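**Student:** Below are the structure tokens for one structure; questions will follow.
The values are calculated or read from the model by the stated rules, or taken from the named source; none is laboratory data. Owing to the predicted nature of the structure, the values given are computational and were not obtained by experimental measurement. Cβ sites come from the backbone with ideal geometry, for glycine too, and all protein chains shown count toward neighbours.
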Amino acid sequence: MDFNLAHINEAVAAAAPDREAIVWRDRRITYGQLAERTRRLANHLLAQGCTVHTERDTLQGWESGQDHLALYLHNGNEYLEGMIGGYKARVAPFNVNYRYVEEELRYLLNDARARAIIYHSTFAPRLEAVRAEVPSLQILLQVPDESGHELLPDAAWYEDALAAASPEPPPVDPSPDDLYILYTGGTTGMPKGVLWRQADIFPAALGGRQLGTGEEWEALEQIVDNAANGGARMMPAPPFMHGAAHWMAFNAFAGGHTVVLPRNTSNLDAADVWATVQEEGVNILLIVGDAFGRPLLDELDRQTYDLSSMLMVVSGGAALSAPVKNAFLRKVPSMGIMDGLGSSETGQQATQVSGGGAEATTGTFTPGPGMCIVSEDLTQRLEAGDTALGWLAQSGRVPLGYFGDEAKTSRTFPVIDGVRYSVPGDRARMTAEGLLELHGRDSVTINSGGEKIFAEEVEAALAHHPAVYDAVVTGRPSERWGNEVVAVVQLREGFLASITDLIEECEKHIARYKLPKDIVFVDKVVRSPAGKADYRWAREIATAGR
């Protein structure tokens, strides 16, 4: 059966109206309150003429017949309400990277053809500077914050708009064909809007599969019965503008669980995260790779917290290295570590679970439903045990395409033997035992001396040295090699290491031809707020540090 996210929210709210859905600072919003607030938002959008205009069955995969709602927000209840409220109005919300400068913001809003926007006051000056050059943007809802910026002209305060709108069910019937839009981060190119049917993204990433079996839910009654027994407390630490964070939140909503948010939403505050885990009894914590893991571990060295409620740390969106996993398991041996693999174009694809008492590893994963490997020339599907290095792919529940980009849609979602696949660009193979062996993203692969070297492999090798706090690996032009491998490294405070020390550590984990030809030391590695590496920045640093 195909589902719509608006219908799921209403059904779960009816089954558990008094259970907490969102906990943030002094706000405790129940499922019943969340359902009403999102109905009010939907009715406000509809009253402004914002909804669906062309049904899905007449459109191509890269086209949208819905109005689009930009979410230009730090984390908070308004972000999740914006998503659900949009779905209830048959409006397609999308994520905005709040670090964008004016030029990038203008590009994104125009590329997405944003009709409406919900934004925090702190971003009001930047939005005002570009709005005249975004002709599609007509509806503005402003959320007050500590910045104290005044309401923009022609905008409405978010809470005032909700208070004036009807709490009744909106007079539209959401469809499983309605869009879920996720904009890619643009770390290796311009951001693109990935278009999913809600019917497909729900089982692909948002809780549409049964936890024990991986089978899709067959009826709304099954989801409601499962949610009635919910109540786990789940904390996404990254910003909701990153897919992994709101994926966890929607998994929580589908299961009738509670989303708990750190108080500090402007940056990763490790003390705040652990204090909130302790106070709220958080069971599952989402982080993004070592960029989140190392600061959280550092805080556990400084301060003692009661983490007895913790069952699992989940990492998504970036690699969590084996040394960091093992350090977590030593600190909290009663919990597990789940490394999740997926992308904007595939949903959740594979997992690796580590527990206390065993050494954790990095790079091999247990495949999920629909995950597969296709050949380098995109002509066939490779079987387990095939030694050829192919492309990590997904079949079954996959996106429709990239908004407004027919050519890239065709490249990323090829049809092989009558089956449509998503192939976003990761190189991989499947072992004879049926495990995924991930090598890395092709867009950050370094071709050096005729050999392909995956940046992630070298980064994982560097992470084993105790002095390395963070590292990003890139290529730079070389007369001898064409391109040479360069590591940009941030050392742990109070530790020293030479280039020779780090290369000797790498020799223990990767072949000699993959070793860095140079290492540039920096005070701090630059990453996105979601913990993703900024490879363009790394290339600039590597070139300047020649």
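**Student:** Residues that are among the β-branched types (Val, Ile, Thr) and modelled with pLDDT of 90 or more: which helices (runs of 4 or more DSSP H) entirely in region 236-348 hold 2 or more of them?
**Tutor:** Ranges flagged: 270-280.
**Student:** Among the residues of region 6-29, are any among the aliphatic types (A, V, I, L, M) and in a loop (DSSP other than H, G, I, E, B)? Full working, then the answer.
**Tutor:** As a first pass, look at region 6-29 and keep what is among the aliphatic types (A, V, I, L, M): 6, 8, 11-16, 21-23, 29.
Checking the rest, the ones that are also in a loop (DSSP other than H, G, I, E, B) come to 16.
Yes, there is a match, as at least one residue in region 6-29 is among the aliphatic types (A, V, I, L, M) and in a loop (DSSP other than H, G, I, E, B).
**Student:** Is region 375-390 home to any residue that is within 24 Å of Ala199 (Cα to Cα), crowded, with 20+ Cβ neighbours inside 10 Å and not aliphatic (A, V, I, L, M)?
**Tutor:** Filtering region 375-390 for residues within 24 Å of Ala199 (Cα to Cα) gives none.
No, region 375-390 contains no residue that is within 24 Å of Ala199 (Cα to Cα), crowded, with 20+ Cβ neighbours inside 10 Å and not aliphatic (A, V, I, L, M).
**Student:** Could you say which residue among Arg39, Arg90 is surrounded by 24 or more Cβ atoms within 10 Å (Cβ to Cβ) and on the phi > 0 side of the Ramachandran plot?
**Tutor:** Numbers: Arg39 fails: on the phi > 0 side of the Ramachandran plot.
Residue meeting the stated conditions: Arg90.
**Student:** In region 306-323, what residues are under 20 Å from the mean Cα position of the chain (by Cα) and crowded, with 19+ Cβ neighbours inside 10 Å?
**Tutor:** Taking region 306-323 as the starting set, the residues that turn out to be under 20 Å from the mean Cα position of the chain (by Cα) are 312-321.
Selection gives Val313, Val314, Ser315, Gly316, Gly317, Ala318, Ala319, Leu320, Ser321.
**Student:** If you check Ile181 against the conditions, is it out of contact with any Ser or Thr (no Cβ under 7 Å at 6 or more places or on another chain), under 28 Å from Val96 (Cα atoms) and outside any loop (DSSP other than H, G, I, E, B)?
**Tutor:** yes
**Student:** Would you point out which residue out of Pro170, Pro203, Pro191, Pro174 is within 25 Å of the chain's Cα centre (by Cα), surrounded by 15 or more Cβ atoms within 10 Å (Cβ to Cβ), in contact (Cβ under 8 Å) with a residue 12 or more places away in the chain and closer than 20 Å to Glu55 by Cα? Show your work before the answer.
**Tutor:** Numbers: Pro170 fails: within 25 Å of the chain's Cα centre (by Cα); Pro203 fails: closer than 20 Å to Glu55 by Cα; Pro191 fails: closer than 20 Å to Glu55 by Cα.
Matching residue, one of Pro170, Pro203, Pro191, Pro174: Pro174.
**Student:** Out of everything in region 263-272 that is under 28 Å from Ala461 (Cα atoms) and of a type outside the set (D, E, K, R), what residue ends up being surrounded by the fewest Cβ atoms within 10 Å (Cβ to Cβ)? Can you show your working first?
**Tutor:** First, the residues of region 263-272 that are under 28 Å from Ala461 (Cα atoms): 267-270.
Narrowing further to those that are of a type outside the set (D, E, K, R): 267-268, 270.
Details: Asn267: 10, Leu268: 20, Ala270: 20.
Checked region 263-272; the qualifying residue surrounded by the fewest Cβ atoms within 10 Å (Cβ to Cβ) is Asn267.
**Student:** What's the total number of residues in region 28-52 that are under 30 Å from Thr409 (Cβ atoms) and either among the acidic types (Asp, Glu) or modelled with pLDDT under 95 (or both)?
**Tutor:** Final tally of qualifying residues: 1.
**Student:** Just to be sure before I move on: is Pro466 surrounded by 18 or more Cβ atoms within 10 Å (Cβ to Cβ) and in a loop (DSSP other than H, G, I, E, B) in the structure I sent?
**Tutor:** Values: surrounded by 18 or more Cβ atoms within 10 Å (Cβ to Cβ): no; in a loop (DSSP other than H, G, I, E, B): yes.
Here the answer is no, as Pro466 does not meet what is asked.
**Student:** Right, something else. Find the residue count for region 506-543, including only residues that are part of a helix (DSSP H, G or I) and under 31 Å from the mean Cα position of the chain (by Cα). If you could, list the steps in order and put the result at the bottom.
**Tutor:** Restricting attention to region 506-543, the residues satisfying the condition of being part of a helix (DSSP H, G or I) are 506, 512-514, 535-543.
Going one step further and asking which of them are under 31 Å from the mean Cα position of the chain (by Cα), we end up with 506, 514, 535-543.
Qualifying residue count, region 506-543: 11.
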